[in-house]
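Below is one structure, written out as structure tokens; the observations come after it.
The values are calculated or read from the model by the stated rules, or taken from the named source; none is laboratory data. Predicted model, so just to flag it, every value in this text is computed and none were measured. Keep in mind that these areas ignore ligands, DNA and RNA; they rest on the heavy atoms of the full protein, side chains included. Shrake-Rupley method; radii C 1.70, N 1.55, O 1.52, S 1.80 Å.
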Amino acid sequence: MEDNLIALEAILGSLNRPMVRARSGEEAMKALLRQEFAVVLLDVLMPGMDGFETAANIKRLDQTKDIPIIFLTGNDLDTAFAFRGYATGAADYLTKPFDPWVLRAKVSVFLELHRTTRELRDLLARDRERLDAVAERLTAVERHLAADGRADVAELALRVAALESAVRGVDLPGPRRGD
């Protein structure tokens, strides 16, 4: 409902983060596939695909499965709704009327987690690039030493090969270059 969207924008506006409106589950899914989101607020009752179906679709896709979902609903009488919300993967479930300060605080936590996760992902990518560069240099040294043919150099080549293997074996989370 338009009034609910306006109220949410007023509550969350002070967070100074871009917000995307979706008036249906289908609209929400399209938006989620077009850009990155830190958190999704879903009403249980929406036209077309309801909030539960939308959440299930969000959690089903690799691209969106890690986005936290906060359900908002005016139906506080049916505890099965809350259970169903959590069962679909929701991070939280709030019934209306809810305290705007609580909602803002919850969304703020997810925004900070998203920012921190992106920073960590960037750091890991840089570390992976550095390790790959070291491994490539070690490979070049290994080839050079192997071409020499002397016994002491051959021993050094074995040690360089072992070092290269160790560097390549460092398991940083996230995709490796070329994956």
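Cross-link reach is defined here as a Cα-Cα straight distance under 16 Å, omitting same-chain residues fewer than 8 places apart; for residue 30 the lysines meeting it are 59, 65.
Calculated accessible area for segment 99-150 comes out at 71 Å² per residue, all protein chains present (probe 1.4 Å; ligands, DNA, RNA ignored).
Rolling a 1.4 Å probe over the heavy atoms of the protein chains gives segment 1-70 an accessible area of 57 Å² per residue.
Taking a ≥ b ≥ c as the square roots of the eigenvalues of the Cα gyration tensor, segment 62-102 is oblate, since a/c reaches 1.5 or more and a/b is not larger than b/c. Estimated purely from DSSP H runs of n ≥ 4, each contributing -39500 (n - 2.57), the mean residue ellipticity at 222 nm for the chain is -20000 deg cm²/dmol once divided by its residues.
Determine the shape class of segment 86-126: with a ≥ b ≥ c the square roots of the Cα gyration tensor eigenvalues, call it rounded for a/c under 1.5, and otherwise prolate if a/b is greater than b/c, oblate otherwise.
Numbers: a/c = 7.64, a/b = 2.05, b/c = 3.73.
Oblate, because a/c is 1.5 or more while a/b does not exceed b/c.
Helix 25-34 axis versus longest C-alpha principal axis of the chain: approximately 30°, rounded to the nearest ten.
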